[in-house]
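First the structure, in the form of structure tokens, and then the observations on it.
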Amino acid sequence: MTMASSPLAAALLTFVIAALLTALIVPLVRWMGLRYGLFDPPDSRKQHDIPMVRLGGIGMVVGFSLALALTWALGGFGTVAPDRDQLIWTTLAGALCYFVIGLADDLFALPPLPRLAGQVAVAVVVWSEGVRIGAIDLPLGLFGLPSLAFPLPDGLSLLATVIWLVGITNAINWIDGLDGLAAGVGGIAAVGLLSVSFSLQQSAAGLLAASLAGACLGFLRHNFNPARIFMGDGGSYFLGFALAAISIVGPAKGLTTVSLLFPLLILSLPLADMSAVIMGRLSEGHSPFYPDRRHLHHRLLRAGFSHRRTVLLIYAFTQWLAALALVVANVEMRFLWLALATAVLIGAVLGSRRQRHLLSDPTTGSTTATDASPSFPCDAGRDPQP
């Protein structure tokens, strides 16, 4: 039996290889960053007290790419049709381009507008190569009605695709404000996209999602609180674009028609957070790029939750939304997965409330400063990415 004849086995192998390679490569990246001075030193205005390298995205990209290359060499992509093959290569090329944009920002601190212009330019090229939202699907079949699809003219298709790719990329970048947050949310979303892609017989996109999930897990080995390295903008841009593109290619029924309901559910938490932050800034007369402390993780920290509890709570909500997407996608044993995800979410909420109560001073009601104070250890110790 070859890997091509067993897509699930190929996905599992790809996931494991990506996780192991990333976990092994990231310490080397950290060593090189420290060796050549590519780090943020600690000072009085930053949250970290040791030099922090913000180039961890290099390890993620290398682990992700090598795992896919090995899977391809072993025949895991052997049954991919030529038109699907083009979408896969376009997705990979676009993700690498976004990584380069983010890496340039990590090294040279680019202003927001040049970064945004580069993201839009790459998204336009990716659209021209076939990774596009060509129609909006209304899955009315879930309610016993005929499903409807509304084709988009090229202009609207381009606009929708660019907004989708750039929007999700920056949503992932903007939640990268606590140790392990972006990598964990991205990994959970990738697993959700993996399940949806395989349920729709899109094995090639599933392999991409499996490799991405593995890279996130391998990186979390070094990035979960207390982090020893940050993924930087290079890593978050790569992760965000890969999720956005896979969410188009994976649920696609053809080259132009895609149902956005599944990825919208899976990625709704970072998208909602980004939308709320932008609307809040605009309502106060600020630029959407104005740095502040209004992200969801900032609010949870101010509410008295610890760093780790905040991250785990957001993980729990993300995995519940991913399980809900599995129900919509009619995945096998979908209600079992939703029940398990609901139990995890309830347990996380109750556990967090209990911890917050224990941290409260019984006489003043204030929280202890050791674990629940509103410190905001954002990526690389700088002001959080807007």
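Every read-out reported here was derived from the displayed coordinates using simple, explicitly stated rules and does not represent laboratory data. No experiment lies behind these values; they were computed from the predicted model shown.
Tabulated values for the structure
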read-out: Relative intensity, log₁₀ I(q)/I(0), of the stretch 189-330 from a Debye sum that treats every alpha carbon as a point, q = 0.16, 0.18 Å⁻¹; value: -0.97, -1.16
read-out: Residues with amide H under 5 Å from that of Ile136, placed H, sequence gap 5 or more; value: Phe150, Leu152
read-out: Interchain or long-range residues, amide H under 5 Å from Met52's placed H; value: Asp40
